[in-house]
Every structure is written in structure tokens, then in C-alpha cells.
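The block underneath contains the structure these notes are about, expressed in C-alpha cells.
The values are calculated or read from the model by the stated rules, or taken from the named source; none is laboratory data. The shown structure was predicted, so the numbers you read here are calculated from the model rather than taken from an experiment. Here the Cβ positions follow ideal geometry from the backbone for every residue, glycine too, while neighbour counts run over all protein chains shown.
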Amino acid sequence: MKKTRSLKQRILAAYTAIIVLLAVFIFGLVFYVIKKDIYERTQLGVIRALDSARVFYHEEINRIGASLSIADLNDSGEVLKGKLRLDYFGRLTPEQAVNAPSEIVRKAAQTKQSVGGTRLIGRNELTAINDGVKDRIAIRVLNTPKARPRNLKVLQTAMAKEYVLPIMDDAGRLIEVVYGGRIINQDYYLVDRIRQLVFGDELYKEKPIGTVTIFQDDVRISTNVLDENGKRAIGTRVSEEVYNAVMERGQRWVGRAFVVTHWYRTAYEPIRNIDGVIIGALYVGILEEPYNVMAAQILTVFTVLILLASVVAFVLAFILAGSISRPLTVMRDATQRLSHGELGHLIWPPHSNIEEMHQLAHAFNEMSVRLEEREVRLQENHQKLDELNKSYLDMLGFVAHELKGLLSSAVINAYSLRDGLLGMINFKQKRAVDSICRNLDYLDATVKKFLNLSRIERGNLEINKVEFSLGKDVFETSLQTFARQFSAKNMQVKNLIDPAIRVKADLDLMQIVANNLVNNAVKYGTEGGTVTISASQDTQFITVDIYNDSRPIAPEMVDQLFRKFSRLNVPEKKKVKGTGLGLYITKQIIESHGGTIRVEPKQNGNSFIFTMHKE
């Protein structure tokens with residue numbers, strides 16, 4: 001016999017070396033270059049850009065103050081607006097300043113100190129501003145994907161950078177308040193200057209790589225983000241997620257965001273007035289697409305490396321496969337023949353120069369022989385079981401059918417005798433006949449259950465679907481059928497099923513379901529208790545709940561309820577006659593309609609709940 005060698009020894013060394021080297025190299029390099037070096041560096045750059053943008057933004061406000069402080073305030077307001085590049089300029093007496101609409105002016109008048117900041121200008125105050133500025137203020141608000149729901153169509157207020165300079169006399173008394181400001185709405189000087197200083201003029205496919213935006217509330221009022229037409233995306237809105245973080249909670253939001261038309265690495269922070277109220281947001285973003293392209297190029301390089309490594313691995317695998325392909329092919333063919341039913345097929349000769357293959361061939365031959373022996377025994381046993389099952393089903397159907405005919409006659413005669421239709425009987429005779437009637441009723445119900453069981457076991461449970469009212473046509477009929485039993489136990493019954501709830505199912509089979517569940521409720525319900533039948537529906541399903549006051553079923557006993565001939569070992573079960581078939585038959589009928597049934601123990605009772613399709 002040839003010397004056998006371990007299959008693991010021949011292939012593990014080569015494959016392990018290749019896999020480990022490739023895995024460590026690819027994981028380390030891809031993770032570092034793409035995750036760390038590209039995306040995280042980009043996000044950090046956005047955060048630094050936002051910090052720079054904030055500094056430039058406040059510098060713009062301070063420049064207004066510096067311009068006011070060195071200007072010749074004896075010039076007229078129009079001249080000063082032109083010289084200082086202001087959209088509005090004003091002078092107020094101390095009394096006027098205290099009641100001015102601008103909170104910045106009011107604070108400067110109160111503190112007698114120069115103050116600058118951002119504020120909103122209301123509609124009434126805007127009437128004093130020149131018409132050119134008014135046109136910039138009226139921005140049409142556009143529907144934007146992922147923005148919060150809002151009915152605003154056109155902005156009627158403006159956001160402004162404002163600086164206030166109190167004028168004092170030699171005695172230190174406030175004699176005048178001078179203020180000036182620039183409207184941010186559609187003023188692109190600031191955002192373009194910030195972009196130039198932070199990102200430069202670099203473009204990607206005619207789009208700026210770096211973008212800056214000033215928001216008034218959630219609306220872009222000044223931006224160099226471009227829309228799908230290549231125009232500034234004025235009037236578009238920030239996403240609801242960013243709005244909630246920045247405008248509602250006053251937090252800085254940093255992350256990946258879809259900005260108008262493209263994905264950006266972004267950072268947002270709130271813009272507050274001098275009272276700390278959030279009135280807008282400052283945004284900077286870096287276009288993600290060029291970095292995605294860079295990442296794709298790196299991945300392409302790695303893909304080529306992986307392919308080259310795969311070629312090397314394939315060559316090694318090919319060399320190894322030559323020594324194991326023949327026994328594997330033989331084993332494959334033998335397995336296919338075995339799966340096609342050729343039990344007892346053997347691999348001959350079961351020799352291989354690989355130890356594991358040699359052992360596997362011997363194990364296969366032994367398995368094939370044993371499978372053939374087992375198949376012969378199983379066929380013999382299966383034939384016997386088929387004969388026994390057929391005899392059982394024939395006997396079950398025959399006995400139940402014969403008893404049904406005999407019982408019908410016996411029930412009619414017993415009730416006729418009890419009700420005096422065949423002549424008067426005395427009290428003792430009536431009690432005896434009542435007992436006979438109860439036993440006949442139980443026997444009749446038992447025979448019906450065995451007939452239903454016979455249909456289920458034979459697979460003859462035909463379903464003829466019609467549309468009907470579940471509450472009126474099915475459960476109301478069941479409640480009338482068991483009215484005497486409910487009355488005898490002084491139980492309250494509530495049928496809460498809306499008559500408008502309709503279902504398309506087999507009416508006769510659903511009546512069996514209702515009768516079994518209602519009968520179960522009255523038999524095992526607490527005397528003087530309540531039985532409640534309710535239902536709910538959605539577009540596809542109907543759920544029915546039959547609840548009765550009783551001892552809650554223990555969780556470990558729930559699985560026994562729907563088994564054939566199974567009855568729980570509880571005091572209530574011992575007092576009540578039953579076959580253990582009702583819930584089994586009910587479950588089979590519900591499942592034949594594509595539904596499910598379960599029991600839910602409650603604090604003072606149990607609910608049997610079934611769900612099924614409406615059609």
C-alpha cells in the first residue's frame with residue numbers, strides 16, 4: 001500500500017500563508033488609506049474649515065464697526081452707506097435707541113458700549129430699506145428632499161450683520177447712537193470670500209469642492225452651493241436631521257449629508273443673536289465625489305493586487321488539485337449515484353495516496369451498505385403503517401358515520417320524551433331523561449368531532465369560500481346554540497364583533513371553529529363569569545379574540561392545548577367531559593385557511609386568538 005499523507009499537511013501551509021498575508025496586507029492598507037487617511041482627514045478638514053469660517057464671519061461684523069469708528073459721521077446717511085458698503089445706516093437719539101426694534105441698538109444704548117452681532121429684521125422695519133435690498137430679501141422657499149415639513153413660501157424677514165456705535169459727549173453722556181449693517185440675504189461677498197480663504201477656487205466637474213452657506217432658520221439665504229442647473233441654491237432648505245440638532249438643540253452637527261444635489265462632508269453650527277437666540281446656521285462642506293473617485297482608484301489598485309495573488313493561489317491550488325481530483329471525482333460520482341437511489345453502490349478499489357480520502361472511501365462503502373439495509377426495513381415498515389393507517393381511517397369514518405345516524409334518531413326521541421311530546425312523565429323520570437339528553441348531546445358532539453377528524457386525517461377538508469359577516473353569521477349563531485349552557489352557568493356573554501367585519505372563507509368550517517371556541521369558553525369558564533368575543537382588522541388580516549374568565553393556563557401547558565387527544569391536567573378539565581379534539585380540529589381549520597391560532601393567559605382568564613386573511 002502506498003504511503004498516505006495528510007491532506008491538511010499538503011494544502012494548509014500554502015493556503016494559510018497566502019490567506020494570512022493577503023488578509024493582513026489588504027485590511028491594514030485599505031483601512032488606513034481609505035478610512036483613516038481620506039475620509040477622516042476630510043472630515044477633520046471640514047471641522048477646521050467651519051472654525052475658520054466662524055472667525056471670518058465675526059471679522060466681517062467687526063469690520064463694519066471699524067469702518068463706522070473711522071468714518072466722518074458728518075456725512076449724510078446715503079454717502080456713508082456708499083463709502084462703507086452698507087445696506088442701511090441710521091442715527092438715533094438715546095430715547096429712540098432704547099425703544100429701537102434692533103436688540104443690538106438697545107443693548108448698545110443700555111451699556112453705552114459698541115456692540116456688533118447678527119439679527120433678524122422684521123417686515124415693518126424693512127419698509128425703511130431701499131427697494132434694491134427688498135428684492136434680495138424676498139427669497140422663494142423651495143421644496144427640498146429630507147427637509148422638515150413647512151408651509152412657508154417666501155421669506156418676509158431678513159438676516160443682517162449689524163454694528164452699533166454709541167456717541168458720547170465729553171462728560172460721558174450718551175448723545176447719539178449710530179448703527180449700520182449689511183443684509184446677508186443673497187449677499188454672496190461673504191460666503192465667496194470665506195470659500196476663497198478656506199478652500200481656494202478648486203473645482204470638480206464645474207462644481208466648487210468647498211462650499212459655504214448661511215441659513216436664516218432652515219433656508220439658504222447666501223450660498224455658493226449650486227443646484228442641478230448650476231445656479232446658487234438660494235431658497236433650498238437644510239435637512240430635518242440637521243435642523244433638529246443645530247436649530248432646535250443648539251449643537252454642532254458634523255457628518256455626511258446630501259446637500260441639494262450631491263453628497264458632502266459637512267459641518268454646521270448655530271448662528272445666535274446677542275441674546276443667545278438661534279436665528280440661523282453657518283455651514284461649510286467639502287464635495288465627497290472626488291474623494292470617492294480617489295478611494296475607487298486605490299481600491300482598483302488593491303483589486304489588481306488581489307487578482308495577482310489569486311492567480312498565484314490558483315497555480316498552487318492547481319498543482320495540489322492534481323493529486324486529489326481523481327479520488328474526489330470518484331467520490332462525487334458515487335455520491336450522485338447514491339442520491340439517485342442506487343443504494344448499496346460501492347467505491348472500488350477504495351485506495352488513495354491521501355489518508356483522509358482512503359478513510360472516506362471505506363466510510364462511504366460502509367454507509368452505502370447500511371443505507372440499503374435500512375431502506376429495505378423502512379419500506380417494509382412503511383407498507384405496514386400505510387395498511388394500519390388506512391384501517392384506522394376507514395374504521396374512524398365508518399363508526400362516526402354510523403353513530404351519527406343512530407344518534408340523530410336517539411336525540412330526537414329523547415328530547416320528545418323529555419318535553420312531553422310522547423306523553424307526560426313524572427319528575428324522577430324527567431331528571432333521568434335530562435341526564436340521557438345531556439349524554440346524547442355530548443355523544444353527538446363527540447361523533448361530529450370524530451367525523452371532522454376523519455376528514456382532516458384523510459385530507460378531504462375541502463374549502464368553499466364565500467363572503468359573510470363573521471360576527472352575525474358565525475359567532476351569533478354559536479352564541480344562540482350554547483345559550484342554554486351560558487344561562488345554566490349564569491355567565492355574561494358579550495359579542496363585540498362589528499357586523500360590518502366580513503371575511504371570505506368556508507362558512508361551515510368557520511362555524512365549527514366558532515362552536516368549538518365558544519363551547520370551550522362556556523365549559524371551562526368561571527361560573528358567573530364573563531365571555532367576551534371581539535375582533536379587529538387591517539387591510540389584509542382579521543384577528544378574533546374569544547376571552548373567558550377562568551383559571552389562567554400555565555405557560556408550560558400552552559403547547560399541549562392544540563394536540564390531538566390532549567387534555568390539560570387541571571381541576572376544571574377533570575370535571576368536564578371532552579375528547580381533546582376540539583382545539584386540534586379548530587387549529588387545522590384555521591391553518592387550512594392560511595391563518596394561525598394561539599392562547600394568551602390573562603390575569604383572570606384566557607384568550608384564544610386566531611388571525612386569518614380577509615380573503
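In the stretch 461-523, counting only strands (runs of 3 or more DSSP E) that sit wholly within it, the ones holding 1 or more residues that are over 24 Å from residue 552 (Cα atoms) and assigned by TED's automatic domain parsing to the domain that holds residue 535 span 465-469, 502-506.
Summed over the stretch 508-539, residues that are closer than 24 Å to residue 466 by Cβ and surrounded by 16 or more Cβ atoms within 10 Å (Cβ to Cβ) total 15. Using the structure shown, decide if residue 274 is touching a residue at least 12 places away in the same chain (Cβ under 8 Å) and out of contact with any helix residue (DSSP H, G or I) (no Cβ under 8 Å at 6 or more places or on another chain). For residue 274, the condition - touching a residue at least 12 places away in the same chain (Cβ under 8 Å) and out of contact with any helix residue (DSSP H, G or I) (no Cβ under 8 Å at 6 or more places or on another chain) - is not met.
As a summary of the residue check, residue 562 satisfies the conditions (1) over 35 Å from the mean Cα position of the chain (by Cα); (2) modelled with pLDDT under 90 except for the one numbered (1). Of the residues making up the stretch 100-138, those that are part of a loop (DSSP other than H, G, I, E, B) and at pLDDT below 90 are 122, 127, 128, 129, 130, 138. Flag not set for residue 125, criterion: of a type in the set (Asp, Glu) and exposed (fewer than 12 other Cβ atoms within 10 Å of the Cβ).
Residue 138: crowded, with 17+ Cβ neighbours inside 10 Å, within 49 Å of the chain's Cα centre (by Cα) and of a type in the set (A, V, I, L, M, F, W, C), yes or no? The answer is no for residue 138. The strands (runs of 3 or more DSSP E) falling completely within the stretch 229-297 include none with 3 or more residues that are closer than 22 Å to residue 116 by Cα, hydroxyl-bearing (Ser, Thr, Tyr) and modelled with pLDDT under 95.
Residues in the stretch 182-196: is at least one within 24 Å of residue 57 (Cβ to Cβ), in a helix (DSSP H, G or I) and among the polar types (S, T, N, Q)? Yes, the stretch 182-196 has at least one match.
If you take the residues in the stretch 76-88 that are over 11 Å from residue 181 (Cα atoms) and either touching a Ser or Thr at 6+ places or on another chain (Cβ under 9 Å) or surrounded by 14 or more Cβ atoms within 10 Å (Cβ to Cβ) (or both), which one is modelled with the lowest pLDDT? Restricting to residues being over 11 Å from residue 181 (Cα atoms) and either touching a Ser or Thr at 6+ places or on another chain (Cβ under 9 Å) or surrounded by 14 or more Cβ atoms within 10 Å (Cβ to Cβ) (or both), the top hit is 77.
Any chance the stretch 330-339 includes a residue that's loosely packed, with under 12 Cβ neighbours inside 10 Å, in a helix (DSSP H, G or I), under 48 Å from the mean Cα position of the chain (by Cα) and modelled with pLDDT of 70 or more? For the stretch 330-339, residues loosely packed, with under 12 Cβ neighbours inside 10 Å, in a helix (DSSP H, G or I), under 48 Å from the mean Cα position of the chain (by Cα) and modelled with pLDDT of 70 or more: present. Here residue 553 passes the criteria (1) at pLDDT 85 or above; (2) under 23 Å from residue 481 (Cβ atoms); (3) not in a helix (DSSP H, G or I) except the one numbered (2).
Of the candidates 82, 45, the single residue that is under 53 Å from the mean Cα position of the chain (by Cα) and part of a helix (DSSP H, G or I) is 45. Residue-level check: of (1) more than 16 Å from residue 159 (Cβ to Cβ); (2) surrounded by 15 or more Cβ atoms within 10 Å (Cβ to Cβ), residue 293 misses just (2). Every test in (1) under 15 Å from residue 284 (Cα atoms); (2) outside any strand (DSSP E or B) is passed by residue 222 save one, and that test is (2).
Each residue in the stretch 521-538 was checked for being touching a residue at least 24 places away in the same chain (Cβ under 8 Å) and under 38 Å from the mean Cα position of the chain (by Cα), and 7 pass.
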